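The values are calculated or read from the model by the stated rules, or taken from the named source; none is laboratory data. Predicted model only: the values in this text are computed from it and were never measured. Every residue, glycine among them, receives a Cβ derived from its backbone with ideal geometry; neighbour counts consider all protein chains shown. Side chains included, ligands, DNA and RNA excluded: accessible areas come from the protein's heavy atoms. Shrake-Rupley method; radii C 1.70, N 1.55, O 1.52, S 1.80 Å.
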Amino acid sequence: MTAVLSGRATARQFAEVFGGAVWATDILAVPRCHFAALLSFAGRLGGRMVGAAAHSWDEVVDVPPSARPLRKIVRGNPRVVGVREDTGSVLWTDASSRAWAALLEAEGRFVDGRQGVFAGPDAGAHINFKEMLAFAEGVVRLCWAPGAQRCRIDNAAVVGAVAKGSSSSYAANRVLSRTTRAADRRRIVLCLGWVPSGEQQADPYTRGALLPRFPAPLSASR
């Protein structure tokens with residue numbers, strides 16, 4: 001990756017990174033038109049390598065400046081970083097078989113929240129998908145401040161999928177794409193962390209408890 005970004009890399013290195021970029025455009029909804037020059041270069045390089053000896057893939061090539069954006073999209077989800085403890089708010093999201101809830105905590109108290117009941121096709125979905133929906137609702141409805149946003153989820157499959165940038169479920173990938181686009185527009189970096197179910201602050205609100213009335217909720221004007 002470093003070699004590709006520096007402008008000089010072997011054809012094999014470039015192919016590996018370019019493959020990751022094409023994969024990322026499908027998962028993260030990055031418009032392929034942004035990489036027109038890169039696609040053209042890849043086509044010319046591929047044509048040159050067809051029928052060439054295997055060692056030709058180790059030939060050093062000049063990579064065009066259009067390869068630089070690859071740093072932002074290649075392999076994995078660049079919008080998700082490790083857990084940080086220096087941000088001012090925490091998003092708690094959870095789901096049960098029937099309902100979802102999201103709470104925003106700032107300075108040791110809950111300042112905003114949302115909850116809902118699964119209906120239609122979502123009602124019979126797998127719990128992992130419901131947890132992904134709860135996370136998406138929390139980010140889209142409650143998170144507006146640019147910068148790092150801590151998120152707490154008690155479902156390891158969702159934490160892993162968001163951190164990786166993809167899921168084995170096509171439906172979950174669509175939800176994830178919507179979530180990361182919202183985070184991008186608001187210049188939010190999602191800092192995910194897994195918590196045990198017993199410590200999940202949103203859990204009671206997925207099992208019948210009603211959210212309190214929040215004074216002047218942060219997202220009221222959104």
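A few remarks follow.
- When 169, 89, 97 are compared by accessible area at a 1.4 angstrom probe, the order from most to least is 97, 169, 89.
- Exposure ranking of 107, 199 by accessible area [1.4 Å probe, largest first]: 107, 199
- Using the Cβ of residue 120 as centre and a radius below 14 Å, the other residues enclosed give a net charge of +1, where K and R count +1 and D and E count -1.
- Each Lys or Arg adds one and each Asp or Glu subtracts one; over the other residues with Cβ under 9 Å from the Cβ of residue 197, this totals -4.
- Per-q log10 I(q)/I(0), region 135-222, q = 0.14, 0.16, 0.19 Å⁻¹ (Debye; single scatterer per alpha-carbon; no solvent): -0.56, -0.73, -1.01
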